[in-house]
Amino acid sequence: MSVQIPDPDIAAVADFAPRLLAWYDHAARILPWRIAPGSAATPDPYRIWLAEVMLQQTTVAAVAGYFARFTERWPSVADLAAADDADVMAAWAGLGYYARARNLLACARTVVADHGGVFPDSEAGLRALPGVGDYTAAAVAAIAFGRPAVVVDANIERVIARHRLIATPLPAAKRAIRAALAPLVPRDRPGDFAQALMDLGATICTPRSPACTRCPVVADCAAFAAGTAESLPVKPPKKAKPQRHGRAWWIESDARLWLVRRPNKGMLGGMRALPGGAWDEPPASDDGAVSVRHGFTHFDLTLTLVRRGVEDAAGEGEWWPISALDAAGLPTLYRKLVDKMRESDR
């Protein structure tokens, strides 16, 4: 039996947004940074911007706790702008992609210094802020200020690639996805529209086993009609990551551990860390040494922990009570090493 596939090249589906928004009105996820559909509350650009930065490359479940702690400690952009760099970096520890935290501070300080503490209300104005790229600018413009921006995150990318049957492999498909989405964005409720697409991708149009029969826009989904929804979007083959090795040093004295701060530029910049060498050493051969493997975006690292004497506690650093290491704000890599060392000492 032949399958009638809806034309993926049509300019727009007239009732796409109304159907999607009607579904969102009763199915929207409850998120701490979100204004519920139908609420009379005014969106807070600071909270929306903060959430969008945190959500980059990170799941909603992982972000929720960090968002609550950040907004309790720094409830406004002015509070964040006045914060100590080390405090913000420590509060960010474990969330990953630490350049985001440095950009967060730079952006907050620019908003306060150059814009009187008020976020610009246009995509162009937002994009001019430090660390704000096309996606974040569009998301904040749409959700906080009601601008009809074309917001494309990974969830939205997947929904549109399937609905329009865009089979071009990523990243080349991104331009076609944006072009297909642009005419669908309504001038009223563009923020809810963007969030509805995000929720649709997160809860129904999922990467594997999408629940197509529950989708509010399945009637004209070209990939569903073709039976190819789960295969889209087409992703390029993964490249094998380079394997790197390094050593960190455990320098202990009087139940305290010697910690340093990594250079502001580079991996884990500005974070407290264990001292050690560069991450370009040959594989460790230390018998019985504690080591962990940690994945970064562009390489995998095996870091081996070696005990050293107090005479190696050189340069700028600080002695931190081992019993209070949880408060040091160590990034995940070093926290895993510390936890493994403490387990081995039991």
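Tallying residues that are more than 18 Å from ALA314 (Cα to Cα) and either outside any loop (DSSP other than H, G, I, E, B) or without any contact (Cβ under 8 Å) to a residue 12 or more places away in the chain (or both) within region 258-285 yields 3.
Conditions tested, residue by residue: (1) closer than 15 Å to VAL290 by Cβ; (2) under 28 Å from the mean Cα position of the chain (by Cα); (3) open to solvent by 10 Å² or more (accessible area, probe 1.4 Å); (4) modelled with pLDDT of 90 or more.
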position: ASP300; (1), (2), (3), (4): no, yes, yes, yes
position: LEU305; (1), (2), (3), (4): yes, no, no, yes
position: GLU316; (1), (2), (3), (4): no, no, yes, no
position: ARG346; (1), (2), (3), (4): yes, no, yes, no
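The single condition among (1) open to solvent by 20 Å² or more (accessible area, probe 1.4 Å); (2) at pLDDT 95 or above; (3) under 27 Å from ARG262 (Cβ atoms) that TYR97 does not meet is (2). Within region 269-316, the set of residues being of a type in the set (Ser, Thr, Tyr) and farther than 19 Å from VAL338 by Cα comprises SER285, THR297.
Of the conditions (1) free of Cβ contacts under 8 Å to residues at least 60 places away in the same chain; (2) outside any helix (DSSP H, G or I); (3) open to solvent by 50 Å² or more (accessible area, probe 1.4 Å); (4) not small (Gly, Ala, Ser), GLU230 satisfies every one except a single condition; which number is it? Condition not satisfied by GLU230: (2). Residue pairs whose Cβ atoms lie under 6 Å apart, separated by 6 or more positions or on different chains, with the first residue in region 327-342 and farther than 15 Å from THR302 by Cβ and the second open to solvent by less than 40 Å² (accessible area, probe 1.4 Å) and part of a helix (DSSP H, G or I), are GLY329/ALA90; VAL338/LEU325. Looking only at region 256-287, residues that are among the charged types (D, E, K, R), within 18 Å of PRO242 (Cα to Cα) and exposed (fewer than 12 other Cβ atoms within 10 Å of the Cβ) come to 1 in all. Consider GLY246 carefully, then state whether it is open to solvent by less than 30 Å² (accessible area, probe 1.4 Å), assigned to a loop (DSSP other than H, G, I, E, B) and not aliphatic (A, V, I, L, M). Considered against the rule, which asks whether it is open to solvent by less than 30 Å² (accessible area, probe 1.4 Å), assigned to a loop (DSSP other than H, G, I, E, B) and not aliphatic (A, V, I, L, M), GLY246 comes out as no.
Only one entry of ARG147, ARG164, ARG102, ARG189 meets the criterion of being buried (at least 17 other Cβ atoms within 10 Å of the Cβ), of a type in the set (Lys, Arg) and under 18 Å from the mean Cα position of the chain (by Cα), and that entry is ARG102. Any chance region 202-222 includes a residue that's of a type outside the set (Ser, Thr, Tyr), without any contact (Cβ under 8 Å) to a residue 40 or more places away in the chain, under 24 Å from TYR135 (Cβ atoms) and open to solvent by 20 Å² or more (accessible area, probe 1.4 Å)? Yes, region 202-222 has at least one match. Of the helices (runs of 4 or more DSSP H) lying entirely inside region 57-122, none contains at least 3 residues that are touching a helix residue (DSSP H, G or I) at 6+ places or on another chain (Cβ under 6 Å) and charged (D, E, K, R).
Taking residues in region 128-152 that are in contact (Cβ under 8 Å) with a residue 40 or more places away in the chain and under 15 Å from VAL118 (Cα atoms), and partners anywhere that are open to solvent by 20 Å² or more (accessible area, probe 1.4 Å) and of a type in the set (Ser, Thr, Tyr), the pairs with Cβ atoms closer than 9 Å and at least 6 places apart or on different chains are PHE145/SER122.
With respect to GLY277, is the statement that it is farther than 22 Å from TYR97 by Cα and out of contact with any Cys (no Cβ under 6 Å at 6 or more places or on another chain) true? The answer is no for GLY277. Among all positions in region 239-257, there is at least one residue which is among the basic types (Lys, Arg) and within 30 Å of ARG208 (Cα to Cα).
The values are calculated or read from the model by the stated rules, or taken from the named source; none is laboratory data. Note that this is a predicted model, so its numbers are computed, not measured. Positions of Cβ are backbone-derived with ideal geometry, glycine not excepted, and every protein chain shown enters the neighbour counts. The area values use the complete protein model at the heavy-atom level, side chains included, leaving out ligands, DNA and RNA. Shrake-Rupley method; radii C 1.70, N 1.55, O 1.52, S 1.80 Å.
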